[in-house]
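> Got a structure for you, questions after.
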Amino acid sequence: MGETDFTDGSGMNRSRWRIALPAAAALSDAGALLFGAWAAYALRFSEFVTARIPVVNEMPPAGWYSRLALILAAVYAVLAVSGGLYRLPRPSNWFDDTAEALKRFIFAWTLLLAGIFFYRVASFSRLTLLMLLVLDVMALWLARWLWMSLRQWLYRQGFATRRAAVAGRGPQSERIINQIVANPQYGLTLAGVIGDFDAPSPLPVLGDYSQTGQIVRRHNLDAVIVAGSSAQSELIGKLVRACYGVNVNFLYLLDIDLPGGGPRRIVEVGGIPLWALKETPFAGWPGLVKRTFDLCTSLCILIVLAPIMLTLAVIVKLTSQGPVLYRQRRVGMDGREFNCLKFRSMRVGAEDRTGVVWAKPGDARVTPFGRFMRRFSLDELPQLWNIVRGDMSLVGPRPERPEFVSQFERHLDGYQERHRMRAGLTGWAQVNGLRGNTSIEERTKFDRYYVENWSLLLDLKILLMTILAVVKGDNSY
């Protein structure tokens, strides 16, 4: 049976959805860019702006700017298509998706400026071009958000989804099945599992590995997700051979518990491709960029929040006995200890009887005002000074106390990887719900991922997600 015989919940052929959705996304982006360009022209030459910033040269015809906007939209479209921006499936994370679109738009705008420099027939307003940049970024940002919301709504209704099967069994297989079933916005529907199963399976068993090719045709699958344990990795060759001549995407879920981490990228040595399992993420310029970003941003935040921090300090002093600041030894980069600063939220001598323990819900050692500060993470604000001093970073693995570190290093494989960079005021684990007294094993996995995949864009993403995490207040006690 051919693919054209299969439809989704709307009765529309799935292959047509794969044409309609990217086309709609491209039209949405183009419309946003053209609207932003029109708004920039209308704003610049409006009476309100020209009265304050006069037009020095003769007002250019609107047709020039219309052609300019069309050229910009066309250049962006080429860059977006070549970058796979309209390829399905796309990442479900709006931040990553939009960041990719904005990077390509800014590059297109830069190319446009270069072309204008050599085009001497017309003189374009520099202020208009700057307004165009700002308004187009805003319009594209909104268009991508609306588009992703619509796409996820369609996925949840069962439209335009891609059919897949999971091959293999074990913890990895269960993990990917649970993720897909719990998140219909990913755009994947599972037809079943492939493999030799002795025990009951949560999904229908479609057949064994040797039948994969027939299964793909029979169930019109778009993808086969190989999600066995590392001990089953030899099955990949068998699965691929079983699908010779069959159009299907093969996705392989790597064993995330590999001692060296998952492959990050391919490097070539003398023409030989090699997987990079581990790299130094902050050598040279990347380290300088991260440190400069930390220093400048933390200084600006300190200046802006100085009145609030002064108010917090006064209230801490007035509501409980003891110093305003609490200095606690923590472990940072390369295992070096430092004094981590916090507004004191517990009574003096809180650990005299309990010893070194994690805080817990309803902890009697916490002062009433300390409980308020902890709810909104206000007690952590003095750590901005730790960042200025170079003890910490804005984003990174949260620092632990030496007593816990020595314990975790003995019993948790790869825990030391967290200390390859400066400890963070916030981190990838914290914004993914692993805050406070949560699983240290899971936190370590997220921290290792961050260390291996750091980028300035990822830092910005985590900082934005931190605001939402603080508002929600999960595990803040």
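> Any idea which of (1) acidic (D, E); (2) modelled with pLDDT under 85; (3) in contact with a Pro (Cβ under 6 Å, 6 or more places away or on another chain) is the one E452 doesn't satisfy?
With respect to (1) acidic (D, E); (2) modelled with pLDDT under 85; (3) in contact with a Pro (Cβ under 6 Å, 6 or more places away or on another chain), E452 is out only on (3).
> If you don't mind, there's one more thing I want to ask. Just one of R87, R18, R120 is touching a strand residue (DSSP E or B) at 6+ places or on another chain (Cβ under 9 Å) and modelled with pLDDT under 80; which is it? Walk me through it before giving the result.
Details: R87 fails: touching a strand residue (DSSP E or B) at 6+ places or on another chain (Cβ under 9 Å); R120 fails: touching a strand residue (DSSP E or B) at 6+ places or on another chain (Cβ under 9 Å).
Result: R18 is the single residue among R87, R18, R120 that is touching a strand residue (DSSP E or B) at 6+ places or on another chain (Cβ under 9 Å) and modelled with pLDDT under 80.
> So, one more: Looking at the stretch 298-328 only, could you name the residues that are among the hydrophobic types (A, V, I, L, M, F, W, C) and either surrounded by 12 or more Cβ atoms within 10 Å (Cβ to Cβ) or not assigned by TED's automatic domain parsing to the domain that holds M392 (or both)?
To start, the set of residues in the stretch 298-328 that are among the hydrophobic types (A, V, I, L, M, F, W, C) comprises 299-306, 308-310, 312-316, 318, 324-325.
Matches in the stretch 298-328: L299, I301, L302, L305, M309, L312, A313, I315, V316, V324, L325.
> Within the stretch 427-447, can you find the residues that are under 23 Å from T280 (Cβ atoms) and either among the hydroxyl-bearing types (S, T, Y) or out of contact with any Lys or Arg (no Cβ under 7 Å at 6 or more places or on another chain) (or both)?
Quick first cut of the stretch 427-447, residues under 23 Å from T280 (Cβ atoms) only: 427-429, 443-447.
Within the stretch 427-447, W428, R443, T444, K445, F446 qualify.
> Select from the stretch 212-238 the residues that are farther than 19 Å from P171 by Cβ and modelled with pLDDT under 80 and write down the one among them that is surrounded by the most Cβ atoms within 10 Å (Cβ to Cβ).
The qualifying residue surrounded by the most Cβ atoms within 10 Å (Cβ to Cβ) is K238.
> Filter the helices (runs of 4 or more DSSP H) completely within the stretch 412-477 down to those with at least 1 residues that are without any contact (Cβ under 8 Å) to a residue 24 or more places away in the chain, within 18 Å of the chain's Cα centre (by Cα) and within 23 Å of K342 (Cβ to Cβ). Show your work before the answer.
Values: elements: 428-431, 440-452, 456-472.
Output list reads 440-452, 456-472.
> Within the stretch 178-226, how many residues are among the β-branched types (V, I, T), assigned to a strand (DSSP E or B) and under 24 Å from G237 (Cβ atoms)?
Going residue by residue through the stretch 178-226, those that are among the β-branched types (V, I, T) are 180-181, 189, 193-194, 205, 212, 215-216, 224-226.
Those left that are additionally assigned to a strand (DSSP E or B): 189, 193-194, 205, 224-226.
If we keep only those that are under 24 Å from G237 (Cβ atoms) as well, we get 193-194, 205, 224-226.
Total meeting the criteria: 6.
> When you scan the stretch 434-441, do you find a residue that is closer than 23 Å to M346 by Cα, crowded, with 18+ Cβ neighbours inside 10 Å and assigned by TED's automatic domain parsing to the domain that holds L341, even just one? If you could, list the steps in order and put the result at the bottom.
The initial filter retains those residues of the stretch 434-441 that are closer than 23 Å to M346 by Cα, namely 434-438.
Checking which are crowded, with 18+ Cβ neighbours inside 10 Å leaves us with 434-435.
Those still in the list that are assigned by TED's automatic domain parsing to the domain that holds L341 too: 434-435.
Yes, that holds for at least one residue.
> At least 1 residues that are assigned by TED's automatic domain parsing to the domain that holds D447 and modelled with pLDDT under 90 in each: list the helices (runs of 4 or more DSSP H) lying fully within the stretch 329-411 that qualify. Write out each step before concluding.
Details: elements: 351-354, 368-375, 383-389, 402-411.
Ranges flagged: 351-354, 368-375, 402-411.
The values are calculated or read from the model by the stated rules, or taken from the named source; none is laboratory data. The structure displayed is predicted, hence computed values, not measured ones. All Cβ positions, glycine included, derive from the backbone under ideal geometry; neighbour counts span all protein chains shown.
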